[in-house]
Amino acid sequence: MLDYLCVADDVELGQNVRLAKFINLYGCRIGDNTRIGTFVEVQKNAVIGKNCKISSHTFICEGVTIEDNVFIGHGVVFINDTIPRATNPAGELQTEDDWKVETTLVKKGASIGSGATILANVTVGENAIVGAGAVVTRDVPPHAVVAGNPARILRFLDE
């Protein structure tokens, strides 16, 4: 199975982490009992908590923190730059020195549906649900159900 994994030496894996084939992990931390699906990339300085399920084809970039007991559906994309550019003002390809990582936080027990896009500088509240295909452009309150583009509150779950 290791023939189909790309897990850098600087990755911190908790106990009983299950990794599917064809994944790319580097410089990140994955908590105990978490499952990572096929074709997932988790970049450096991203943190995934315990007992999470990260479904296939998901991209978790630098600056994303996912707390414990979170479900991430298929093909979810996180974004860490609100003004992306290929080049700096001098016309050279940007390096890490040319931009600042913007963070995203997914709180404990939240669920994010397949195909959702989560923009930078957003917090998805505890036990919130983000509907499939939603584009989250602002904070999601705890226990809220949001959907659409941009994501809007549909209702609240009973606590």
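Protein heavy-atom surface of the chain, 1.4 angstrom probe: 50% of the accessible area is carbon and sulfur, with nucleic acids and ligands not counted. Name the residue, out of 32, 98, 139, whose mean-square fluctuation peaks in a Gaussian network model built on the chain with Cα pairs under 10 Å. Result for the chain, Cα springs under 10 Å: 98 fluctuates most. Checked against a 18 Å cut-off, the cross-linked pairs 53/107; 44/108; 50/100; 44/100 give Cα-Cα distances beyond that limit for 44/108; 50/100. Classification of region 70-159 by its C-alpha gyration tensor yields a prolate form. The axis ratio a/c (a ≥ b ≥ c) is 1.5 or more, and a/b outweighs b/c. Annotation: per residue accessible area for region 1-93 equals 54 Å², rounded to a whole number [probe 1.4 Å, protein chains only]. Computed packing ranks the peptides 19-29, 48-58, 146-156 as 48-58, 19-29, 146-156, most packed first, by mean other Cβ atoms within 10 Å.
The values are calculated or read from the model by the stated rules, or taken from the named source; none is laboratory data. None of the values given here were measured: they were computed from a predicted structure. Here Cβ is always computed from backbone atoms with ideal geometry, including for glycine, and neighbour counts include all displayed protein chains. All accessible areas refer to the heavy atoms of the entire protein, side chains included, with ligands and DNA or RNA removed. Shrake-Rupley method; radii C 1.70, N 1.55, O 1.52, S 1.80 Å.
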